[in-house]
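Heads up: the structure comes next, in structure tokens.
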Amino acid sequence: MLNLVLFGPPGAGKGTQALLLAQTFNLVHLSTGDLLRQEIAAKTDLGRIADEIISKGELVPDSIVISMIESKLKEPKTTVGFIFDGFPRTVPQAEALDELLARHQRKVSAMLCLDVVKEELIGRLLKRGLTSGRCDDMNAETIENRINVYNEKTAPIINYYEKQGKYYPIYGIGTVEEIAENLKQTVENI
Ligand code: B4P
């Protein structure tokens, strides 16, 4: 079973590439960002909490995102595997994912990390903000904070997977097709 973690800073292309990887390898795509935005759109209690946190560029508490993933993994599915997009984002989330998968006799196969420089990330997110309507893409200050939060709380996960021999850095600048091909070849050689 193939279980991929697609990792990288905000704007690295996770959402874009996760969809393509899911199609290529016939995986179920699980994006915590998408799940949270669905809660916000449905105006649930959880959505109201998440909206406030996301609009500041901060991370939603671990307990919330872990239980969202837990309930998705419980749903009966016939699949060759999952692609986790935007999860884990903290070391406790990475530990929880290992535990949750172990309960289903599964494990993370690889962590694919999209490397993109800060100036490019800011440019992409500001551009997306013009059309997405996403509150967290609207201003440079929030974007800057998201990148700082990534460096402080999320980037340490690289070390977590590196120690397990599962860390695969991927150059994240180029056309969407070039990066997708690079990811595909990396996964085929795992
Ligand atoms: P996400 O939805 O995961 O937001 P993101 O990191 O901004 O998205 P992504 O990185 O997928 O964007 P993409 O590169 O595809 O999370 C939103 C928020 O939810 C988080 O900030 C956090 O508050 C909360 N959250 C989510 N998961 C959480 C968790 N596990 N724990 C706690 N909180 C959590 O797209 C960027 C843009 O670049 C797009 O416009 C795209 O078209 C463009 N692009 C993509 N590839 C390109 C390329 N090769 N060249 C040029 N542009 C490209």
Which condition from (1) surrounded by 15 or more Cβ atoms within 10 Å (Cβ to Cβ); (2) closer than 30 Å to Ala140 by Cβ is the one that Arg48 breaks?
(1)
Filter result (hydrophobic (A, V, I, L, M, F, W, C) and within 9 Å of the ligand (Cβ to nearest atom)) within the stretch 148-179:
Val149, Ile173, Val176, Ile179
When the stretch 150-185 is examined, which residues are found to be loosely packed, with under 15 Cβ neighbours inside 10 Å, more than 17 Å from the chain's Cα centre (by Cα) and among the polar types (S, T, N, Q)?
Gln164, Thr175, Gln185
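Just the residues that are among the hydroxyl-bearing types (Ser, Thr, Tyr) and under 23 Å from Leu19 (Cα atoms), please, taken from the stretch 30-64.
Of everything in the stretch 30-64, those that are among the hydroxyl-bearing types (Ser, Thr, Tyr) and under 23 Å from Leu19 (Cα atoms) turn out to be Ser31, Thr32.
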Residues of the stretch 27-36 being over 12 Å from Val65 (Cβ atoms) and buried (at least 19 other Cβ atoms within 10 Å of the Cβ), in sequence order, are Leu27
Mind counting the residues in the stretch 106-125 that are of a type outside the set (A, V, I, L, M), open to solvent by 40 Å² or more (accessible area, probe 1.4 Å), modelled with pLDDT of 95 or more and not in a helix (DSSP H, G or I)?
2
Considering each of Arg128, Arg103, Arg134 in turn, give the residue that is within 14 Å of the ligand (Cβ to nearest atom), open to solvent by 50 Å² or more (accessible area, probe 1.4 Å), out of contact with any Pro (no Cβ under 8 Å at 6 or more places or on another chain) and modelled with pLDDT under 95.
Arg128
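The values are calculated or read from the model by the stated rules, or taken from the named source; none is laboratory data. Being a predicted model, the structure only gives us computed values, none of them experimental. Positions of Cβ are generated from backbone atoms using ideal geometry, with glycine treated the same way; all protein chains shown enter the neighbour counts. All accessible areas refer to the heavy atoms of the entire protein, side chains included, with ligands and DNA or RNA removed. Shrake-Rupley method; radii C 1.70, N 1.55, O 1.52, S 1.80 Å.
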